Amino acid sequence: MSNTEKTTKKVFTRPNALADVPTHYCPGCTHGIVHRLIAEAIDELDCLGDAIGVCPVGCSVMAYDYFNCDMIQAPHGRAPAVATGVKRAKPDNIVFTYQGDGDLAAIGTGETVHAATRGENITIIFINNTTYGMTGGQMAPTTLPGQVTQTTPYGRDTDTAGFPIRVSEMLATLDGVAYAERVSVDNIKNVNRAKKAIKKAFEYQTQKKGFTIIEVLSTCPTNWGLDPVKSLKWLEENMMPYYPLGVYKDKEAQ
Amino acid sequence: MNKTMHKEILLAGFGGQGILFGGKVLSYFGLIDGKEVSWLPSYGPEMRGGTANCSVCISDKPIGSPLILTPSELIVMNSPSFDKFINAVQPGGNVFIDSTLIEQRCERDDINCYYIPATMLANQNNLVGLANIIMMGKFIKETKIAQPETVKKAIEMCVPPSRSHLIEANLKAIEIGMNYKED
Amino acid sequence: MERNLMKGNEALAEAAIRAGCKCFFGYPITPQTEISAYMAKRMPKIGGVFLQAESEIGAINMVLGAASTGTRVMTSSSSPGISLKAEGISYIAGSDLPCVIINVQRGGPGLGGIQPSQADYWQATKALGHGDFHVIVFAPSTVQEMVDLVTKAFDLADIYRMPTMILADGLLGQMMEPVTFPDQQSINEYDKSWAADGHKNKRKHNIINSLILSPEDLEKSVQERFERYDKIAKEEAMAQCYLTDDADIVLVAYGATARVTQSAVDLAREKGIKAGLVRPQTLWPFPADHIRTASENASSLLCVEMSMGQMIDDVKLAINCSKPVHFYGRTGGVIPTPTEILTEIENISGGAKE
C-alpha cells in the first residue's frame with residue numbers, strides 16, 4: 001500500500017441514488033445541485049429501494065434517467081395527482097415529485113393545492129427559477145414584476161399579466177400541509193440549508209406527517225441571458241426580496 | 001296461466017311520493033318469482049321536487065327496451081302525469097289513479113280504470129307517505145301479479161335495514177289497498 | 001347463484017371490486033355518480049382506496065400513478081368528463097399501463113344533456129387522446145354484461161398492458177336488472193415486473209415513461225404497440241348474432257340501443273320480414289368479421305345508434321361498402337323505440353317478403 005492511499009480519505013463522491021450519467025442541463029443550471037441534494041437525502045435515509053420519483057414536463061422531465069430509484073414521468077402539471085395515485089396504492093413507499101414553477105403553479109395549480117389540502121403524504125421539490133426553461137424562457141407564474149421574458153418582452157406588466165404567486169406562503173395556509181420551506185442554492189451555506197430541508201421533508205413523510213413541500217430558488221442562466229455567477233447574484237438581489245427564505249409551515253413546531 | 005306474461009308498468013307522480021320505491025317493490029316481485037325484470041327511473045334535476053316516473057318491465061322473455069312509452073299498466077299519482085300518460089296506455093290496459101290528488105276522470109272506454117283515494121287513506125290510517133304502497137295493494141289485487149308471500153318478501157327486501165320498523169306499516173298499506181272497494 | 005336487483009352503475013362497481021380493483025379515483029358527474037358512491041362505501045371495507053379527486057384530470061392522473069405501481073385501478077365518468085381525461089389516457093397508453101375507464105355516456109357536445117347517448121363512439125374508438133394509440137372498448141347491453149365485461153376489461157388491460165374502456169350509457173347505468181355474481185371469483189395475476197413500486201435494491205430501477213425524443217425510437221415503440229393491437233384485433237373482437245342465418249336485412253347496434261333493436265327485429269319477424277341483428281360487444285377491436293359473415297346473404301344492413309351515425313362508418317368498412325348500409329339514429333338523449341326502428345326496417349325491405 002502506498003503512502004498516498006493510506007492517508008487519502010474520500011470526502012466527496014457521487015451519491016448512490018444518483019445515476020452515473022451526464023445530464024442534459026445547461027452549464028450553471030442549479031437543477032444538478034438540487035438533484036444531488038435529493039440523492040444525498042435518499043442515501044442518508046437509506047430509502048433508495050422504497051423511493052418512487054415523479055417528474056412531469058419541464059426541464060427536469062428526463063430526471064428519470066438521473067435517479068436510481070423507480071421513476072414515473074407525468075403529464076404537465078399532474079405530478080401531485082400521479083404521486084397521489086402512487087402513494088395511495090403503495091403507502092409505505094417514499095414518493096416525491098420534482099416540479100418547475102410553470103408546472104406546479106400554472107398548469108398544475110389545482111393538482112398541487114388539492115394534494116396539499118388533502119395532506120397527501122408526499123414530498124414536492126419545487127424549483128422556482130421564474131421562467132419556463134424547457135420551452136425557451138417564457139413568463140412563469142413566478143416571473144417577477146418588470147422581468148423580461150420571451151412573452152413579457154417589455155417586462156412583466158402586473159396590470160395585464162398579474163402578479164407572481166408566492167407558493168410556499170399560499171400553501172402554508174392549508175391545514176393538510178405538514179412542512180413548507182423556501183430555500184435557495186445560490187451559495188454553500190444555502191445549499192447546506194436546502195439539503196437539511198429536503199431531508200427533513202422526507203423524514204416527515206416516513207413519519208406519515210402529511211404533505212411536505214420544499215421550494216428551491218434556482219437559476220436559469222440560459223434563459224436569463226446571464227452567466228452562471230451573475231445569475232446567482234441576480235437570484236440573491238431580485239428573487240430573495242420577493243421570495244423570502246424561511247420555514248412557512250412546520251406542523252411539529254406549532 | 002300458460003300465456004307468457006309481459007307487463008310494461010309505468011309509475012308516475014311527484015318526486016317524494018315514493019314513485020321509484022314503488023317501482024322497486026314491483027321489480028322485486030318479478031325477481032323473487034324468477035322473471036325477467038327491468039327498472040328504469042327518470043333521473044336528473046327534475047327528480048328534486050318535480051315530476052318523477054319509473055318504468056318497470058316484468059316478463060317471461062328477455063326485456064328489450066326498458067323505457068316504457070305505452071304502458072300496459074299505469075300507476076299515476078298526480079294530475080300532470082295523468083294528463084301526460086293516460087292516452088299512452090295500451091288498449092285493454094289497467095290504470096290505477098290516486099283520486100285524492102287527481103280530479104280528472106278517464107274518458108277512454110278501452111281501458112280499465114281504478115280510482116283509489118290513496119293519499120287520503122294513508123292519512124286516515126296514520127300511514128303518511130305510504131300512499132304509493134296503498135296503490136300497490138290495489139294493483140296487486142287487480143293484476144294478481146304476486147302472491148302474498150312474494151309481496152311480504154319483496155317489502156322486506158326493499159325497506160333498508162335501518163328502517164326495518166317500517167316493514168309493518170308497508171304491509172298494512174298493502175292490505176288497505178287490496179281491501180279497498182270503490183263505491 | 002343468487003339473483004340481485006342492481007343498478008347498472010352499482011353492479012359495475014361491485015364487479016370491479018370482485019375483479020381485484022384496489023383503487024378507484026372518481027369525480028361526480030351524472031349519470032355515473034352511483035359508481036363513485038358505491039366505491040366510497042365499499043372500498044374502505046375491503047382495504048381498497050376510494051378517492052374523490054379535485055377534477056377528472058386529477059382522477060385520471062391518480063389512475064396513472066396507481067397503475068404505475070402495478071395495482072388494479074379504475075376510474076369512471078360521463079362524456080364531458082371523459083374529454084377531460086383524454087390527456088391522461090394518452091399518457092397511460094403511451095406508458096403501456098393497464099387500467100379500466102368507464103364512460104356512462106350522455107348527450108353532447110358541450111355540456112349537452114344528461115340522458116343516455118352513444119355520441120362518444122368516435123371518441124372512444126378513434127381518438128381518446130392525442131397520438132397513435134388504441135383502447136380496447138367494451139359495449140355491454142345488459143346489467144349482467146356490465147358485470148361480466150368488467151372482469152374481462154381488467155384481464156385484457158393487464159395482458160396487453162393498455163387501458164380498456166367500458167362504453168356504457170345513462171340507460172344501462174341507471175336501470176336495475178337482475179344480476180348474478182360468481183360465488184368464488186379467482187383473480188388472475190399477471191406479470192408486473194415492469195412496475196414502479198420500489199426496487200428494494202433488488203433490481204435495476206423501473207421507469208414509467210411516454211417521452212421518447214428520438215423519432216426513430218418513438219416510431220419503433222409505436223410500431224411495437226401496433227403489433228400488439230394487430231394481435232388484439234385478431235383475437236379479442238366480440239359480437240353476438242341474433243337471427244342472422246336467414247336474414248335479408250341485418251341490423252347492427254350496440255349497448256342499450258341493441259336491446260331496443262332486438263325488440264324491433266322480433267316485431268319485424270312477426271310481420272314476416274327476415275330481419276337479424278349483429279350486436280358488437282367490443283367496439284375496438286371492431287367485430288368486422290362477424291358483421292361480414294352475418295350479412296353475407298343479406299341484401300342490406302341497417303345501423304341503429306343513439307347518435308347521428310358514428311359506428312356506421314365501421315360497418316361500411318367491415319363489408320367494404322359492398323351493400324347498402326342504412327342508418328337510423330336518435331340523439332341528444334332521445335332513446336329510439338322498437339316501433340320507430342320497425343318502420344325503418346319496413347321502409348328498407350319494402351314490407352314482408354315470404
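Conditions tested, residue by residue: (1) out of contact with any Asp or Glu (no Cβ under 8 Å at 6 or more places or on another chain); (2) on the phi > 0 side of the Ramachandran plot; (3) surrounded by 21 or more Cβ atoms within 10 Å (Cβ to Cβ); (4) at pLDDT 95 or above.
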site	(1), (2), (3), (4)
B:I97	yes, no, yes, yes
B:L101	yes, no, no, yes
B:R108	yes, no, no, yes
B:C113	yes, no, no, yes
B:I116	no, no, yes, yes
**OP:** Please enumerate the residues belonging to region C:175-202 that are touching a strand residue (DSSP E or B) at 6+ places or on another chain (Cβ under 6 Å) and within 29 Å of C:D120 (Cβ to Cβ).
**Re:** C:M175, C:M176, C:E177, C:P178, C:V179
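In region B:106-132, which residues are in a loop (DSSP other than H, G, I, E, B) and closer than 18 Å to B:N87 by Cβ?
So the first thing to find is which residues in region B:106-132 are in a loop (DSSP other than H, G, I, E, B), and the list is B:106-111, B:117, B:125-130.
Correct list: B:C106, B:E107, B:R108, B:D109, B:D110, B:I111.
Here's the yes/no breakdown for (1) surrounded by 19 or more Cβ atoms within 10 Å (Cβ to Cβ); (2) in contact with a strand residue (DSSP E or B) (Cβ under 8 Å, 6 or more places away or on another chain); (3) more than 14 Å from C:V104 (Cβ to Cβ); (4) modelled with pLDDT under 95:
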residue	(1), (2), (3), (4)
C:A11	yes, yes, no, no
C:R18	no, no, yes, no
C:C21	yes, yes, yes, no
C:F25	yes, yes, yes, no
C:I35	yes, yes, no, no
C:V49	yes, yes, yes, no
C:Q52	no, yes, yes, no
**OP:** Kindly list, by first and then second residue, each pair from a residue in region A:105-117 that is over 14 Å from A:N128 (Cα atoms) and touching a residue at least 12 places away in the same chain (Cβ under 8 Å) to a residue that is among the aliphatic types (A, V, I, L, M) and in a helix (DSSP H, G or I), limited to pairs with Cβ atoms under 6 Å and residues at least 6 apart or on different chains.
**Re:** A:E111/A:A81; A:T112/A:L104; A:A116/A:L171
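So, in region A:171-183, how many residues would count as being farther than 13 Å from A:V247 by Cβ and touching a residue at least 12 places away in the same chain (Cβ under 8 Å)?
Summing the residues that are farther than 13 Å from A:V247 by Cβ and touching a residue at least 12 places away in the same chain (Cβ under 8 Å) in region A:171-183 gives 3.
Taking region B:138-183, which residues are charged (D, E, K, R) and either in contact with a helix residue (DSSP H, G or I) (Cβ under 7 Å, 6 or more places away or on another chain) or in a helix (DSSP H, G or I) (or both)?
Quick first cut of region B:138-183, residues charged (D, E, K, R) only: B:138, B:141-142, B:144, B:149, B:152-153, B:156, B:163, B:168, B:172, B:175, B:181-183.
B:K138, B:K141, B:E142, B:E149, B:K152, B:K153, B:E156, B:R163, B:E168, B:K172, B:E175, listed by residue number.
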Subject >> Pairs, first more than 7 Å from chain C (Cβ to nearest Cβ) in region A:64-77, second surrounded by fewer than 24 Cβ atoms within 10 Å (Cβ to Cβ) and assigned to a loop (DSSP other than H, G, I, E, B), C-beta under 7 Å, six or more apart >> reply: A:D65/A:A19; A:D65/A:V21; A:Y66/A:A19; A:Y66/A:V21; A:Y66/A:T23; A:F67/A:A19; A:H76/A:V57
**OP:** Answer yes if at least one residue in region A:88-104 is assigned to a helix (DSSP H, G or I), at the interface with chain C (Cβ under 10 Å from one of its Cβ atoms) and on the phi < 0 side of the Ramachandran plot, and no otherwise.
**Re:** yes
Original post:
What is the number of the single condition among (1) farther than 25 Å from C:E14 by Cα; (2) not aromatic (F, W, Y); (3) not in a loop (DSSP other than H, G, I, E, B) that C:H199 does not meet?
Top reply: (3)
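More than 14 Å from chain B (Cβ to nearest Cβ) and of a type in the set (S, T, Y): which single residue out of C:S210, C:S263 fits that description?
Working: C:S263 fails: more than 14 Å from chain B (Cβ to nearest Cβ).
C:S210 is the lone residue from the list that is more than 14 Å from chain B (Cβ to nearest Cβ) and of a type in the set (S, T, Y).
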Subject >> Residues (touching a helix residue (DSSP H, G or I) at 6+ places or on another chain (Cβ under 7 Å), in contact (Cβ under 8 Å) with a residue 60 or more places away in the chain and surrounded by 24 or more Cβ atoms within 10 Å (Cβ to Cβ)) located in region C:280-306 >> reply: C:L283, C:W284, C:E305, C:M306
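Please state which one of C:I29, C:I35 is assigned to a loop (DSSP other than H, G, I, E, B), more than 9 Å from chain A (Cβ to nearest Cβ) and among the aliphatic types (A, V, I, L, M). I'd like the intermediate steps shown before the answer.
On the way: C:I35 fails: assigned to a loop (DSSP other than H, G, I, E, B).
That would be C:I29, the only listed residue that is assigned to a loop (DSSP other than H, G, I, E, B), more than 9 Å from chain A (Cβ to nearest Cβ) and among the aliphatic types (A, V, I, L, M).
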Original post:
Hey, among C:T71, C:T75, which residue is under 26 Å from C:R225 (Cα atoms), in a strand (DSSP E or B) and either within 7 Å of chain A (Cβ to nearest Cβ) or of a type in the set (S, T, Y) (or both)?
Top reply: C:T75
**OP:** Check A:A81, A:A41 and return the single one that is more than 15 Å from C:G198 (Cβ to Cβ), more than 7 Å from chain C (Cβ to nearest Cβ), crowded, with 24+ Cβ neighbours inside 10 Å and in contact with a helix residue (DSSP H, G or I) (Cβ under 7 Å, 6 or more places away or on another chain).
**Re:** A:A41
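The values are calculated or read from the model by the stated rules, or taken from the named source; none is laboratory data. Everything numeric in this text was worked out from a predicted model, so none of it was measured. So basically every Cβ, Gly included, is an ideal-geometry build from the backbone, and we count neighbours across all protein chains shown.
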